[in-house]
Amino acid sequence: MAVERWLIVGLGNPGKRYDNTWHNLGRLALQTLARRHRLSVNKIRFKGLSTEGLICNQQVLLLAPETFMNLSGESVRAAADYYKIPEENIIVLYDDIDLDVGMLRIKEQGGAGTHKGMKSIISHLQSENFPRIRIGMGPRPLGDMVDIVLSRIPKSDQEIVQRSLDAAADCCELIIQGEISKAQERYNQKKELD
């Protein structure tokens, strides 16, 4: 019998240039989860950086695609195919400019909205039926969207951003234990994390 396994994906762009930018919130949340469980996302596989381990007694593969955001689906599909991970066991962490900083939204399935990384994943998996955790970076400001999402997170927002990354890691732990509704009740309604 195959081992039940979860794939947790943190979206972002590779390289120092993109460290600590808004568009890398998913990747930062993945690193937060990995550190909490003493895992290092540093093995090059599946067109990304990955690690395997146990989180809350569940077998997990953590994956940070290195394909750049718009091609994230290539990495996710490669990992899911290799381990035969069903789509409902894939959790994607990513930034959302339509949610205020400090807010999260957890959904069991749904479309990509304007997020190109999610569009790529949905296209490669041919499915929208997987859980996702959206991490707020709004409110949506005026200006060029590319410049905004690729700008560095200012020091003034670091504390609230870290709270949202910690909360996103909490949500991953709840989801892999079959408690997605608890994660939604705890975090979806809040205007801002305490």
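The values are calculated or read from the model by the stated rules, or taken from the named source; none is laboratory data. The model shown is predicted, which means the values in this text are computed figures rather than measured ones. Glycine gets a Cβ as well: all are built from the backbone with ideal geometry, and neighbour counts include every protein chain shown. When the accessible area is computed, the model is the full protein with side chains, heavy atoms only, and any ligands, DNA or RNA have been set aside. Shrake-Rupley method; radii C 1.70, N 1.55, O 1.52, S 1.80 Å.
Some observations on this one:
- Accessible surface ranking for ASP157, ASP100, 1.4 angstrom probe, highest first: ASP100, ASP157.
- Accessible area per residue, Å², the stretch 1-119 with all protein chains present, probe 1.4 Å: 46
- Between LYS155 and SER181, the simple spin-label model (points 7 angstrom out along Cα→Cβ) gives 4.6 nm.
- Between GLY136, TYR187, GLY117, the Cα set farthest toward the positive side of the dipole of the chain (charges on each charged residue's Cβ, about the Cα centre) is that of GLY117.
- Potential lengthening of the chain between MET145 and ASP166 amounts to 5.0 nm, from the contour at 0.36 nm per residue minus the alpha-carbon distance.
- Ranking LEU54, VAL76, LEU28 by how far each Cα lies toward the positive end of the dipole of the stretch 9-111 (charges on Cβ) leaves LEU54 at the top.
- Helical mean residue ellipticity (222 nm; -39500 (n - 2.57) per DSSP H run of 4+; nearest 500) of the chain: -10500 deg cm²/dmol
- When ARG35, ARG132, ARG27 are compared by accessible area at a 1.4 angstrom probe, the order from most to least is ARG35, ARG27, ARG132.
- DSSP beta bridges in the stretch 19-162 [antiparallel fraction, %, rounded to 5]: 75
- Label-point separation, HIS37 to GLU4 (7 Å along Cα→Cβ), nm: 1.4
- Here the chain has 48 percent of its accessible surface on carbon and sulfur atoms, given a 1.4 Å probe and all protein chains in place.
- Solvent-accessible surface (1.4 Å probe) assigned to MET145 amounts to roughly 60 Å².
- Rounded to the nearest 20 debye, dipole of the stretch 120-182 from Cβ charges on Lys, Arg, Asp, Glu: 100
- Dipole in debye (nearest 20) - the stretch 36-184, about Cα centre, beta carbon charges: Lys, Arg +1; Asp, Glu -1: 280
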